[in-house]
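Take a look at the structure below.
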Amino acid sequence: MRTLNILLLMAFLFGCEESEPRKPVQRKSGSYFKESIERSRKLLEAEEKKIQEIIKRDSLKDYTHSASGSWYHYLRVNDSTDYTPQTDDIVTMNYNLLTLDNDTLYSESEIGTLSYRVDKQELFLGLREAIKLLKVNEKATFLFPSSIAFGYHGDNNRIGTNVPLKSTITILNIEKQQDNLED
């Protein structure tokens, strides 16, 4: 009986210690994010190199670099107006989507004529920004790195992961909205 009392006393004394918190199994070092950023940087660098090669081969055209990161040249210019689409304007347009090697992903006839409310409907970033650069009756060809095209995700159909795109866009009409008529 005495041994049992001693055992109970020892269990009571040692069992009442404060619990010590467990140490984390893993520590986040941020290396995954650093590696992801580095992969993205190298991908963009390779895509920009390919775009620069296309521009160099197409020396008869004058390419312009946009603020959003695309390159473009005009096929048809409209000097009779200065108005470019503003937020909420309705733009009627045609466009196609090709790879940088000129393989057709979506033809202009397949996409059809599109009415788009500027900055209020879903289009990929490069196309949204390209529309704002063109005036009515203008036509231009744009080269988009994958980061402003469909990116890592693609379109779940014909456009795969990290595919840079080429697109010829024609603005057929711009329906100005009331707020923009004053400008």
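Only the coordinates and a few stated rules stand behind these numbers; no lab work does. Everything numeric in this text was worked out from a predicted model, so none of it was measured. Cβ atoms come from the backbone with ideal geometry, glycine included; neighbour counts cover every protein chain shown.
A crude spin-label estimate for the pair Glu20 and Glu45, with each label 7 Å from Cα along the Cβ direction, gives 4.7 nm.
Note on His153, His73: ascending count of other Cβ atoms within 10 Å places them as His153, His73, the fewest first. Annotation: the residues Arg158, Arg57, sorted from fewest to most other C-beta atoms within 10 Å of their own C-beta, follow the order Arg57, Arg158. Calculated mean residue ellipticity, 222 nm, the chain: -9500 deg cm²/dmol, from DSSP H runs (n ≥ 4) at -39500 (n - 2.57) each, averaged per residue and rounded to 500.
Could you give the length gained on full extension between Asp119 and Gln177, defined as 0.36 nm per residue of separation minus the Cα-Cα distance, in nm?
Numbers: separation 58, 0.36 × 58 = 20.88 nm, distance 1.29 nm.
Extra length available between Asp119 and Gln177 comes to 19.6 nm.
Calculate, in nm to one decimal, what Thr87 and Arg2 gain on full extension: separation in residues at 0.36 nm each, minus their alpha carbon distance. Intermediate results must be reported in sequence, preceding the final value.
Numbers: separation 85, 0.36 × 85 = 30.60 nm, distance 8.84 nm.
Length gained, Thr87 through Arg2: 21.8 nm.
If R0 is taken as 45 Å, the Cβ-Cβ distance between Glu110 and Ser31 corresponds to a FRET efficiency of 0.55. Overall form of region 74-183: prolate. Here a/c, set by the Cα gyration tensor axes a ≥ b ≥ c, is 1.5 or more, and a/b is the larger of a/b and b/c. The count of lysine pairs in the chain whose Cα atoms are under 16 Å apart, excluding pairs fewer than 8 places apart on the same chain, comes to 12.
Residue separation times 0.36 nm, minus the C-alpha to C-alpha distance between Asp101 and His65: what's the value? Intermediate values should be presented prior to the final figure.
Working: separation 36, 0.36 × 36 = 12.96 nm, distance 1.97 nm.
Length gained between Asp101 and His65: 11.0 nm.
Counting neighbouring beta carbons within 10 Å and listing from fewest to most, the residues Lys23, Lys50 come out as Lys23, Lys50.
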